[in-house]
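Student: I have a structure I would like to understand better, so I am pasting it below and will then ask my questions one at a time.
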Amino acid sequence: MRVSEIIVRILEREGITDAFGIPGAGINPVYKYLGLSKIKHYTVRHEEAAVHAADGYYRACGRMAVAMCTSGPGATNFVTGVYTANVDSIPILAITGQAVTAQLGKDAFQCVDIAKICEPVAKATFCVTDASKIVEVMQKAFMLAKSGKPGAVVVDLPLDVQMAEIDFNPDEYQPLPYDNPRPNLADIQKTIAMINEAENPAIIMGGGVILAEAADFCVKFAEMLQIPVITTYMAKGGIPVDHPLNAGHAGIQVGQPVGNKVFTDSDLILGIGCRFTDRHTGNINVYKGNRKFIHINVEPKEIGKIFQPDLGIVADAKYALEALLKVAASEGKVKISSRVASLPQLRTELKRKTDYNCVPIKPQRVYEELNKSFKDNAMFTTGCGLNQIWSGQLQNIDETGLYFPSGGAGTLGFDIPAAFGAKVANPDKHAVAVMGDFGFTFHVQELATSATYGVPIIVVIVNNAFLGLIRQNQKYAYSFEHAVKMEVNQGVMDYVKVAEGFACAAERVFNPEDITGALARAANSKIPYVIDIVCELETDCSMGLAVDSVREFV
């Protein structure tokens, strides 16, 4: 059987039902058999968007999709998407075409070492130069993408390898089995003992808990021992907004006052499936303070990478929480502190203001309207900028599988293709890309993809006619402002016409009372819908350098 056909047959055996990409000369042999398979292929308008779409697809349904493209610039356009998915631990398979093996390293047309280029930003990369190894490589690629700390895997396929013939029986193919690490019982017992000794313990639920499908276990454990739950940005939705133990987000950007207060008042932190990265911790010495830390992560390299915890446990979040629940049921001592009882009131008291009625529209009002309009009937994507930070701070998400940010990379242009992929994966929910006016022009061409395939995503532009996050950084960190003003984005630039040119519907909103109606029209639309919300120009966003000194703006 030809290798190009084998690849498609393996995709089918691995459960792939959807692929995103752009065909080209370097990958056409695979596309021939892709067209004969049951796998649905979506031709995007830019290669990077194919990877973002596969990324959003996984986040929406928990199943892998494939991104495919040709060699050379097609492959290099994959790099940002691969990095974006990998840093957020999203399993995808990126397949690239390549020149024939005899031309590798000889500067042939569209011949670039994409496996080497992606090596630093992917979980694994392969350039298959021996056709007899293709089954082994594909098995390993899928296993690596899904196991341990999930991530993006790149498989590069020279043309002569794609055209080679080898023996293969699709019915005999089996995915490689894997099992993530389980915790040591002694460490679990020590964790419970440390919690019992603490006066004010808190749990940090990280994105790894969501990926392990263990959010319910984490909430149940917190309920059993009556411990506040702080969520990282990547775990947004892991605990219902109004749950009595929900302590919000902690952090210096997408953190919330309630989360930062609960964190700083804690003497023990149990971090599960989190990475203690910079936008969460801020000043690391302030963050560490005199409190003790227990860190549970499936990836051994994450333990002690930022700082050495008092107890590190290498384990899958679900396995760890199952063990914690079992031991806590027999050994845990419930101590309901006064701060636990006051959490709901504290959330109300420290909630940031969103009910502005002024014109120009305050950006915060946009998020209040999003909360009111969609409840839990929408999935949200967001890339980077003040719009993303406000989204993290102000949006209410009650369930997992509804909030998909570019968390580790902060990728402009992630929003629209990721929403497209999410809507393909979960067509019963709205897919809403929340983005800024500058970010809108990154991969705006994917509106055409959405319209072509009849996938009605919603794009909400928080239009402040600035590179808002960069303006704020320049202003407060360096006392200057340059090259960040985009006044044309509220003037001669007409995003309504842009959307209509891509066969979408659109409208521009100037008054806060009109946002609700616009969102309703978008939700009822059968085609992609863009809402350009004209906002106040220089609204600052609450953030800081340390969790105990976040500067609040209104």
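Student: Add -39500 (n - 2.57) for each DSSP H run of 4 or more in the chain, then divide by its residues: what number comes out at 222 nm, to the nearest 500 deg cm²/dmol?
Tutor: Numbers: 25 runs with 208 residues, N = 554.
Result for the chain, helices only: -10000 deg cm²/dmol.
Student: Continuing with this model, one more query. Go through Tyr453, Asn426, Tyr356 and say which Cα lies farthest out towards the positive end of the charge dipole of segment 352-534; charges sit on Cβ, +1 for Lys and Arg, -1 for Asp and Glu.
Tutor: Positive-end residue among those listed: Tyr356.
Student: Nearest 5 percent is fine: what portion of the DSSP beta bridges confined to the chain is antiparallel? It would help to have the intermediate numbers written out before the result.
Tutor: Details: 4 of 69 bridges.
Bridges in the chain are about 5 percent antiparallel.
Student: Here's another thing I want to ask about it. Any idea how far apart Asp540 and Ser337 come out in nm if each label point goes 7 Å out from Cα toward Cβ?
Tutor: 3.2 nm
Student: How would segment 418-494 be classified by its alpha-carbon gyration tensor: rounded, prolate or oblate, with rounded meaning a/c under 1.5 and the a/b versus b/c comparison settling the rest? Display every interim value, and only then the final one.
Tutor: Values: a/c = 3.55, a/b = 2.25, b/c = 1.58.
Prolate is the answer for segment 418-494, as a/c is 1.5 or above and a/b outweighs b/c.
Student: Work out, step by step, the length gained on full extension between Ala520 and Val100: first 0.36 nm times the residue separation, then minus their alpha carbon distance; give nm to one decimal.
Tutor: On the way: separation 420, 0.36 × 420 = 151.20 nm, distance 5.25 nm.
Answer, rounded to one decimal: 146.0 nm.
Student: Could you let me know the centre-to-centre spacing of segment 56-79 and segment 88-105, using Cα atoms, in angstrom?
Tutor: Measuring centre to centre over Cα atoms gives 11 Å.
Student: How far is it, in nm, from the label point at Lys140 to the one at Asp179 when both lie 7 Å from their Cα along the line to the Cβ?
Tutor: 2.3 nm
Student: Quote the relative contact order of the chain in percent (integer), defining contacts as alpha-carbon pairs under 8 Å separated by 6+ residues. Walk me through the numbers before you get to the answer.
Tutor: Details: 1288 pairs, mean separation 77.0, N = 554.
Worked out over the chain, it gives 14 percent.
Student: Another question, then. Using only Cα atoms, locate the centre of segment 138-198 and the centre of segment 459-486, then give the distance between them in Å, rounded to an integer.
Tutor: With segment 138-198 and segment 459-486 each reduced to a Cα centre, they are spaced 41 Å.
Student: Please give me the summed charge of the neighbours of Val484: other residues whose Cβ is under 13 Å from its Cβ, Lys and Arg +1, Asp and Glu -1.
Tutor: -1
Student: Please order Lys305, Lys362 by the number of other Cβ within 10 Å, starting at the fewest.
Tutor: Numbers: Lys305 14, Lys362 20.
Lowest to highest Cβ neighbour count: Lys305, Lys362.
Student: Could you compute the FRET efficiency for Thr264 and Leu311, with r as their C-beta to C-beta distance and R0 at 22 Å, rounded to 0.05? Please report the intermediate quantities before stating the final value.
Tutor: Values: r = 21 Å, r/R0 = 0.95.
In this case the efficiency is close to 0.60.
Student: Would you kindly state how much longer the chain becomes between Lys40 and Ser549 on full extension, computed as 0.36 nm times their sequence separation minus their alpha carbon distance, in nm to one decimal? Don't skip to the end; give the middle numbers.
Tutor: Details: separation 509, 0.36 × 509 = 183.24 nm, distance 5.00 nm.
Going from the current span to full extension adds 178.2 nm.
Student: Which FRET efficiency, nearest 0.05, do Tyr453 and Asn283 yield, Cβ-Cβ r, R0 56 Å?
Tutor: Efficiency computed from Cβ-Cβ geometry: 0.75.
Student: Please report Leu386, Leu270, Leu36, Leu343 as a ranked list, fewest other C-beta atoms within 10 angstrom at the top and most at the bottom. Don't jump to the answer; show the numbers that get you there.
Tutor: On the way: Leu386 24, Leu270 31, Leu36 10, Leu343 20.
The fewest-first ordering by Cβ neighbours comes to Leu36, Leu343, Leu386, Leu270.
Student: While we're looking at this one, here's another question. Sort Ile416, Ile7, Ile22 by Cβ crowding within 10 Å, fewest neighbours at the top. Spell out each step's value before the answer.
Tutor: Details: Ile416 31, Ile7 26, Ile22 21.
The fewest-first ordering by Cβ neighbours comes to Ile22, Ile7, Ile416.
Student: Check which residues have an amide H placed less than 5 Å from Phe126's amide H, if you skip close sequence neighbours.
Tutor: Val154, Val155, Asp156
Student: According to the square roots a ≥ b ≥ c of the eigenvalues of the Cα gyration tensor, what is the shape class of segment 3-172, taking rounded for a/c under 1.5, prolate for a/b larger than b/c otherwise, and oblate for the remainder?
Tutor: On the way: a/c = 1.37, a/b = 1.12, b/c = 1.23.
Note, shape of segment 3-172 comes out rounded.
Student: Which FRET efficiency, nearest 0.05, do Ile303 and Arg352 yield, Cβ-Cβ r, R0 35 Å? Mind dumping the intermediate values first?
Tutor: Working: r = 34 Å, r/R0 = 0.96.
Between Ile303 and Arg352 the formula returns 0.55.
Student: How far is it, in nm, from the label point at Ile470 to the one at Glu223 when both lie 7 Å from their Cα along the line to the Cβ?
Tutor: The modelled label-to-label distance comes out at 4.7 nm.
Student: How large, in Å, is the chain by the Kirkwood hydrodynamic radius built from its alpha-carbon pairs?
Tutor: Kirkwood hydrodynamic radius for the chain: 24.3 Å.
Student: Taking the alpha-carbon centroid of each part, what is the distance from segment 279-293 to segment 364-385 in angstrom?
Tutor: Using only Cα atoms, the two centres lie 30 Å from each other.
Student: Rounded, prolate or oblate, given the Cα gyration tensor of segment 1-90, with a/c below 1.5 counting as rounded? Before the final figure, lay out each step's value.
Tutor: Numbers: a/c = 1.96, a/b = 1.22, b/c = 1.61.
The shape class here is oblate.
Bear in mind that the values in this text are calculations on the coordinates, not laboratory data. Since this is a predicted model, take the numbers as computed values, not measurements. We place every Cβ from the backbone using ideal geometry, glycine too, and count neighbours over all the protein chains shown.
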